[in-house]
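Colleague: Let me give you the structure first, and then I'll get to my questions.
The values are calculated or read from the model by the stated rules, or taken from the named source; none is laboratory data. As the structure is a prediction and not an experimental result, all values here were calculated from the model. Counting neighbours? That spans all protein chains shown, and the Cβs are built from the backbone with ideal geometry, glycine included.
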Amino acid sequence: MQSIRKTIVITLFITVASLIPTFSISALADESNKYELTIQNIAFDKSEIKVPADKPALLLVNNQDQQPFDFICKDIGLEKTVSAHSERIIYIRMLKPGRYTMEIEHHEKTGHSMLIVE
């Protein structure tokens, strides 16, 4: 009886999972909405990035330092760890016009940039 229940649950899970469409995050933002930001010497290479309002965007964060950092944007509830010597794609949802602070956690003086949505 236990194995029948387990089989039913697994079959149901596989059926439901197959109904969920698959897509890549890059399909959510077109080529014109991809932006790059580099971390080097615990600092961002750009003081600001401008993105259009009401369109999703992809931010490619390239960490060239030897330690991982937490990339944060408290204004939009975003926190992502970027490993040492690696890149991380960060999906930015559609936002209303405004200025949003991006920081390297615990290094706000040097790791500070603005996301400008217009």
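Colleague: Right, Lys96: more than 16 Å from the chain's Cα centre (by Cα) and charged (D, E, K, R) or not?
Modeller: Against the criterion (more than 16 Å from the chain's Cα centre (by Cα) and charged (D, E, K, R)), Lys96 qualifies.
Colleague: Here's another thing I want to ask about it. Identify the single condition in (1) surrounded by 13 or more Cβ atoms within 10 Å (Cβ to Cβ); (2) touching a residue at least 24 places away in the same chain (Cβ under 8 Å); (3) out of contact with any Phe, Trp or Tyr (no Cβ under 6 Å at 6 or more places or on another chain); (4) not hydroxyl-bearing (Ser, Thr, Tyr) that Glu118 does not satisfy, given that it satisfies every other one.
Modeller: The one condition Glu118 does not meet is (1).
Colleague: Please pick out the residue among Lys80, Lys109, Lys74, Lys46 that is more than 15 Å from Asn33 (Cα to Cα), at pLDDT below 95 and out of contact with any strand residue (DSSP E or B) (no Cβ under 8 Å at 6 or more places or on another chain).
Modeller: Working: Lys80 fails: out of contact with any strand residue (DSSP E or B) (no Cβ under 8 Å at 6 or more places or on another chain); Lys74 fails: out of contact with any strand residue (DSSP E or B) (no Cβ under 8 Å at 6 or more places or on another chain); Lys46 fails: out of contact with any strand residue (DSSP E or B) (no Cβ under 8 Å at 6 or more places or on another chain).
On inspection, the qualifying residue turns out to be Lys109.
Colleague: List the pairs whose first member sits in the range 85-110 and is within 15 Å of Glu48 (Cα to Cα) and assigned to a strand (DSSP E or B), whose second member is hydroxyl-bearing (Ser, Thr, Tyr) and at pLDDT 90 or above, and whose Cβ atoms are under 6 Å apart, counting only residues at least 6 apart or on separate chains?
Modeller: Met102/Ser113
Colleague: What do you reckon, is Ile90 closer than 18 Å to Leu58 by Cβ and either of a type in the set (A, V, I, L, M) or surrounded by 14 or more Cβ atoms within 10 Å (Cβ to Cβ) (or both)? So that I can check it myself, show each step before the final result.
Modeller: Working: closer than 18 Å to Leu58 by Cβ: yes; either of a type in the set (A, V, I, L, M) or surrounded by 14 or more Cβ atoms within 10 Å (Cβ to Cβ) (or both): yes.
Against the criterion (closer than 18 Å to Leu58 by Cβ and either of a type in the set (A, V, I, L, M) or surrounded by 14 or more Cβ atoms within 10 Å (Cβ to Cβ) (or both)), Ile90 qualifies.
Colleague: Taking Asp75 and the conditions (1) in contact with a Phe, Trp or Tyr (Cβ under 6 Å, 6 or more places away or on another chain); (2) surrounded by 16 or more Cβ atoms within 10 Å (Cβ to Cβ), which numbered condition does it fall short on, given that it satisfies the others?
Modeller: Among (1) in contact with a Phe, Trp or Tyr (Cβ under 6 Å, 6 or more places away or on another chain); (2) surrounded by 16 or more Cβ atoms within 10 Å (Cβ to Cβ), the lone unmet condition for Asp75 is (2).
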